[in-house]
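A short worksheet on the structure shown next.
The values are calculated or read from the model by the stated rules, or taken from the named source; none is laboratory data. Source: prediction; values computed, not measured. Here Cβ is always computed from backbone atoms with ideal geometry, including for glycine, and neighbour counts include all displayed protein chains. All accessible areas refer to the heavy atoms of the entire protein, side chains included, with ligands and DNA or RNA removed. Shrake-Rupley method; radii C 1.70, N 1.55, O 1.52, S 1.80 Å.
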Amino acid sequence: MELKLDISLIKDWKGYKGRPFLISGPCSAETEEQVIETARQLVQVKKVSIFRAGIWKPRTRPDSFEGVGIDGLKWLRNVKQETGLLVCTEVANQKHVYEALKYGIDMLWIGARTSVNPFTVQEISDALNGVDVMVMVKNPVNPDIELWIGAIERIARAGITRLGAIHRGFSTFEKTTYRNQPNWQLPIELRRRIPDLPIICDPSHIAGSREFLHEISQKAMDLNFDGLMLESHIDPDNALSDAAQQITPDELKELLSRLILRNPVASDPKLLDVLGELRQQIDIFDEHLLDLLEKRMKIAETIGQYKKENNITILQAHRWDEIVKRVMNKGQAKGLSAEMIDSVFKAIHQESINHQMRIMNNGIQTRQADKQAI
Ligand code: PEP
Ligand code: MN
């Protein structure tokens, strides 16, 4: 169901220079020199609308650099005066909001460790009541779309209309290539639920490493995100936080120059745009299907191992009957044809048998299509 919030379109926001709406700057403000010099170089990139720098840093371990505090707000104010860039920082409680507003910060963002907590988000919303400032809500660390939407709703209720979301990926226990899993289907669902809400991608925190920044930025553009937040530092390797994922302003310029923004040439560019976006979504869902199949086969192999160790036969006819009945009911309720469910699940079942047989026969692949396995 679509949610109606009073949101002003991103093209009407102060500082908007076209797609991608670009927010850049260091992970953390470290020194006055580092902040102003990064800003000076980012102005040369030409496409940056908003300068970011974390002043209060939520860190996993207590001995890490936790930000410079209020001094940094003065540096941000100087950046605005000298370069004309609008400025933004992260707020995690009411006091942060009051301090940031006092120093004329143009945009506030709510971090992933804050948007998980409705008490804190409500407290921030109360502090923002009636204030005219841009606010971005990062996704919560866990992939919970309702929690993300709830945080956005709470901020909207304070009367904030220049309101947007930042997709920064989701944490997972599994070891993965990226620092945070993108789970692209979540921002896609967010767009479906609140169509006018600007969505910015934060490839820096998804990637965790600079080598992946371009591919993630490109994907976000292909999915029609409105903008990007990319961390940039004059000396990334010596940054006090998130060193591995930051790039210099020159590298940012180079990354942007390699971004392909679909520019439809046909007579109905809008239609082409929509089609391109939908195809990207299909590709993502196909990737998910493959991931799920891989996980299912791994479980079948574990079961094979278990059966082997305990001398249990592979034949489990009643179990297969149960599965067929269940998927048939559920699948048909979802509007899928009985024919498709039958053929897809038979193929999956056959593949499971093959994986189990391989385990049970010490790595020798056997074809036993007539046997029943899970
Ligand atoms: C940040 O933007 O530097 C930050 C701490 O982000 P997140 O809340 O996404 O971890
Ligand atoms: Mn960071």
What pairs come up if the first residue lies in region 49-61 and is within 17 Å of His233 (Cβ to Cβ) and of a type in the set (Val, Ile, Thr), the second is modelled with pLDDT of 95 or more and within 9 Å of ligand 1 (Cβ to nearest atom), and their beta carbons are under 8 Å apart, counting only those six or more places apart or on different chains?
Ile55/Ser28; Ile55/Glu90
For region 186-203, does any single residue satisfy the condition of being open to solvent by 30 Å² or more (accessible area, probe 1.4 Å), in contact with a Lys or Arg (Cβ under 9 Å, 6 or more places away or on another chain), among the acidic types (Asp, Glu) and not in a loop (DSSP other than H, G, I, E, B)?
no
Cβ contacts < 9 Å: first residue over 15 Å from Ala165 (Cβ atoms) and within 16 Å of ligand 1 (Cβ to nearest atom), restricted to region 5-31; second residue at pLDDT below 95 and among the aromatic types (Phe, Trp, Tyr), any location; separation 6+ or different chain. Result?
Ser28/Phe65; Glu30/Phe65
Scope region 291-313; condition farther than 13 Å from Glu351 by Cα, among the aliphatic types (A, V, I, L, M) and under 42 Å from the mean Cα position of the chain (by Cα); matching residues
Leu292, Ile303
Counting only residues that are open to solvent by 50 Å² or more (accessible area, probe 1.4 Å) and among the aliphatic types (A, V, I, L, M), how many does region 4-42 have?
1
Determine whether Gly331 is at pLDDT 90 or above and not in a helix (DSSP H, G or I).
no
Matching residues in region 151-183 (open to solvent by 50 Å² or more (accessible area, probe 1.4 Å), outside any loop (DSSP other than H, G, I, E, B) and among the aromatic types (Phe, Trp, Tyr)) number 0
Sort out which residues of region 98-150 are part of a helix (DSSP H, G or I) and either within 16 Å of ligand 1 (Cβ to nearest atom) or aromatic (Phe, Trp, Tyr) (or both), and write them in order of number.
Tyr98, Ala100, Phe119, Thr120, Val121, Ile124, Leu147, Trp148
Report, by residue number, each residue of region 51-83 that is open to solvent by 80 Å² or more (accessible area, probe 1.4 Å), farther than 12 Å from Asp242 by Cβ and within 15 Å of ligand 2 (Cβ to nearest atom).
Arg61, Glu66
Starting from region 143-157, take each residue that is touching a residue at least 60 places away in the same chain (Cβ under 8 Å) and list its partners that are of a type in the set (D, E, K, R), counting only C-beta distances under 9 angstrom and pairs at least six apart or across chains.
Ile149/Arg193; Ala156/Asp6
Could you grab me the full set of residues in region 88-106 that are within 16 Å of ligand 2 (Cβ to nearest atom) and open to solvent by less than 10 Å² (accessible area, probe 1.4 Å)?
Cys88, Thr89, Val91
Scanning region 214-243 residue by residue, those more than 30 Å from Ile194 (Cβ to Cβ), surrounded by 19 or more Cβ atoms within 10 Å (Cβ to Cβ) and within 15 Å of ligand 2 (Cβ to nearest atom) turn out to be His233, Pro236, Ala239, Leu240, Ser241
Going through region 244-271 one residue at a time, which ones are over 26 Å from His205 (Cβ atoms) and open to solvent by less than 70 Å² (accessible area, probe 1.4 Å)?
Pro264, Ala266, Pro269
